[in-house]
Amino acid sequence: MPETPQTPTLKEASRDGPRRDLLILLALCSVALLPGLNGHGLTNWQESVRLVAAREMVARHDMVVPTLHDQPYLAKPPLFYWVQIGLARLTGHESPELLHLRLAVAIAAMLGVVFTYLCVRTLLRAAPEDDDPGASNTFAQRAAFWSAASLATGPALVRAGRIGELDIWLIPFTALAVLGGGIAWRAHSERERWAPGWLTLACAGLAGAALTKGPPGVLPALLATLGACLGRPAWERIRAFKIRSGHAAGILFSTLVAGGLILWFRPVESVNDAIGVALLTGFAFVLCLFLAGLFAGGFLRGLVALWRVNLPLLLAASFLPLWLWGRAVEQRIGTERVRQYAAGEAADNLNLLVLEAPLRNLELYAYGAGLGSLTAIIAVIWFAKDRPKVPRGVWPLLCWAVLSLIAFSTLGKGVQRYLLPAIPAVAAVGGLWIAAAIRDLSPKALSRALAVVVAIAAVGQGWWYGYGRDDRYAHRSPRDFMAALLRPEFEVDPERIGSLDLWTPAFDYYAGAQVQPYIDEGVSIDYPHAQPRVETLLPRLRAEGEPYVLLIRGDAPPDRPDLPLAEDRLVAMGFGVELIPVDADFRVDRRRTRLIAVRVWAP
């Protein structure tokens, strides 16, 4: 008789990891992520603000409260800043530089690939797909390798691992949390036992995700575990046709009501809006279907599973680190200011039923995992058509992908980087199909073809982000512009530079000082603090008797073509204005408007 499958221990899982797969994966990551690591200057607003905030923490000798222009900047918890500062200290630098920012995200991407491999492999081998444990372990290893290889060369991970956005750190933490929570669920479902070692791993992953991005950061991992606990018994009742006619009527009625509420809350104004309504209504149907499965007999089993995976412990690991950090911040800046920042972040990130959100998120799923996205689409058709027998450990992976999509499509505004921690789940679904195809078709031919695909993807993206992007789009970064402006012949004091109706934290980094943004015509700029009006600069210049440099648009903003040129408006206000002949090109307004520098004074 075949042996009863056993849930692996932490020690067994780490000992069994095949070295060859991990070496190949690290080689792919190195090719895609490391060439020309800091060859391209700061371009993205998000990466610029993370670097500037980390530098200010060092300058202020405060590792608790991130600041921007000496004012608290609590948009995100401090873990990503700590990583940059730690890397700077390890390399002998007092303050983080661009290299440390880019190295921090490259390390996160590599860890995400490795942890995704271990997660998929361990979850799938925990439950053999058939009566042959050896065959199942081979299947699990193949699925894990191609999942991780797809992720390592997927556009979403490579871009995030090249641009210093903190969301990339959610991938390794989420993979750890899903691994720990998924195996804890397996220990319950197979042997009705606790798994304290795996729960500890899940808690560590959740704590790291919380300190990276707060509550949105822990959502995908929690949904994967909760979905496995509640979704599996619900699906068993649905698949066994235990849904009664009354339940079916309730599902239909609830879905129609949900669709009506969506139309009432968000009127349809375009074809994309109509598609969004259809997708959100479909999500409502899925949730109603599984609720019906729970109430048809799966609810008690789900509660027992939640108890065995220690849901209160997982929630504590998700929110206790944030609470402790919040208390430390309150002691420095006061409770009221912390509450104001928290309310502002909640208002900015919590956007119910944005009709474009499902389409944007599905777009990320369709390309983000590269080869894994393509094969995931095939896998969905495969599941629907053939209903294959797959390892039970697939459940946390499926819930990770599906429930994250539903949650961020109904609660968010469709910012694709928010869904980045769910991309490993998409790659895992695709890897599952690849493993089955290799098993059932020609293993050598298919493996070689797929190897060529991921190798080309790694080399191509490594060249583009390392060299090609800067060669073609150097004007997207203010690096060259600021370097030219600060040449000795222009006699520009870095401490006396401001900007008018525009700003990016990259100005601060390349100037080596704070560049104060001013406003005039109310052109919206992404600056987290109040901006003074530019007229207030006149009395200051009269009192100081020294000129000042302003960075302004050389043309009218594309969305305000009737607005007089910034240079003319400054003259009309009474400023003396002199153009500084900077010979480098930097573009704003999505690369449509050139930036110029002018010297201003009070006549």
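The values are calculated or read from the model by the stated rules, or taken from the named source; none is laboratory data. Please read these numbers as outputs of a predicted model, since none were measured by experiment. Reconstructed Cβ throughout: ideal geometry from the backbone, glycine too, with neighbour counts over all protein chains shown. For accessibility, only protein heavy atoms count, side chains too; no ligands or nucleic acids. Shrake-Rupley method; radii C 1.70, N 1.55, O 1.52, S 1.80 Å.
Overview of results
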{"item": "Filter result (without any contact (Cβ under 8 Å) to a residue 12 or more places away in the chain and among the hydroxyl-bearing types (Ser, Thr, Tyr)) within the stretch 275-321", "result": "none"}
{"item": "Residue 485 open to solvent by less than 30 Å² (accessible area, probe 1.4 Å), touching a residue at least 60 places away in the same chain (Cβ under 8 Å), farther than 30 Å from residue 150 by Cβ and not hydroxyl-bearing (Ser, Thr, Tyr)", "result": "yes"}
{"item": "Single residue of 31, 49 found to be β-branched (Val, Ile, Thr), open to solvent by 10 Å² or more (accessible area, probe 1.4 Å), assigned to a helix (DSSP H, G or I) and at pLDDT 90 or above", "result": "31"}
{"item": "Count - residues of the stretch 318-332 that are farther than 14 Å from residue 213 by Cα and either polar (S, T, N, Q) or buried (at least 17 other Cβ atoms within 10 Å of the Cβ) (or both)", "result": "2"}
{"item": "Residue count, the stretch 505-530 (criterion: open to solvent by less than 20 Å² (accessible area, probe 1.4 Å) and in contact with a helix residue (DSSP H, G or I) (Cβ under 6 Å, 6 or more places away or on another chain))", "result": "8"}
{"item": "Residue match in the stretch 532-553 (condition: open to solvent by less than 30 Å² (accessible area, probe 1.4 Å) and small (Gly, Ala, Ser))", "result": "no"}
{"item": "Helices (runs of 4 or more DSSP H) lying entirely in the stretch 333-425 (those with 1 or more residues that are open to solvent by 10 Å² or more (accessible area, probe 1.4 Å), at pLDDT 95 or above and farther than 17 Å from residue 227 by Cβ)", "result": "357-367, 371-386"}
{"item": "Residue within the stretch 408-424 that is in contact with a helix residue (DSSP H, G or I) (Cβ under 6 Å, 6 or more places away or on another chain) and on the phi > 0 side of the Ramachandran plot present", "result": "yes"}
{"item": "Flag if residue 324 is closer than 30 Å to residue 182 by Cα and without any contact (Cβ under 8 Å) to a residue 40 or more places away in the chain", "result": "yes"}
{"item": "Cross-chain or 6+ apart pairs with Cβ under 6 Å, the stretch 352-366 first and more than 12 Å from residue 411 (Cβ to Cβ), then assigned to a loop (DSSP other than H, G, I, E, B)", "result": "355/266; 356/414; 360/414"}
{"item": "Hits in the stretch 505-556 (condition: under 29 Å from the mean Cα position of the chain (by Cα) and acidic (Asp, Glu))", "result": "508, 526"}
{"item": "Qualifying residue in the stretch 494-516 (condition: under 18 Å from residue 579 (Cα atoms), charged (D, E, K, R) and at pLDDT below 95)", "result": "yes"}
{"item": "Candidate set from the stretch 587-603 (those that are open to solvent by less than 100 Å² (accessible area, probe 1.4 Å) and in a loop (DSSP other than H, G, I, E, B)); member that is farthest from residue 571 (Cα to Cα)", "result": "589"}
{"item": "Qualifying positions in the stretch 565-586 - assigned to a strand (DSSP E or B), touching a Leu at 6+ places or on another chain (Cβ under 9 Å) and open to solvent by 30 Å² or more (accessible area, probe 1.4 Å)", "result": "577"}
{"item": "Residue match in the stretch 170-188 (condition: within 17 Å of the chain's Cα centre (by Cα), under 19 Å from residue 46 (Cβ atoms) and outside any helix (DSSP H, G or I))", "result": "no"}
{"item": "Qualifying residue in the stretch 494-504 (condition: more than 27 Å from residue 96 (Cα to Cα) and aromatic (Phe, Trp, Tyr))", "result": "no"}
{"item": "Filtered residues of the stretch 65-89 (kept if modelled with pLDDT under 95, open to solvent by 30 Å² or more (accessible area, probe 1.4 Å) and either in a helix (DSSP H, G or I) or not acidic (Asp, Glu) (or both))", "result": "71"}
{"item": "Test: residue in the stretch 497-510 that is aromatic (Phe, Trp, Tyr) and either farther than 18 Å from residue 163 by Cα or touching a strand residue (DSSP E or B) at 6+ places or on another chain (Cβ under 6 Å) (or both)", "result": "yes"}
{"item": "Close pairs (7 angstrom Cβ cut-off, 6 or more residues apart or separate chains): aliphatic (A, V, I, L, M) in the stretch 580-594, in a loop (DSSP other than H, G, I, E, B) anywhere", "result": "588/502"}
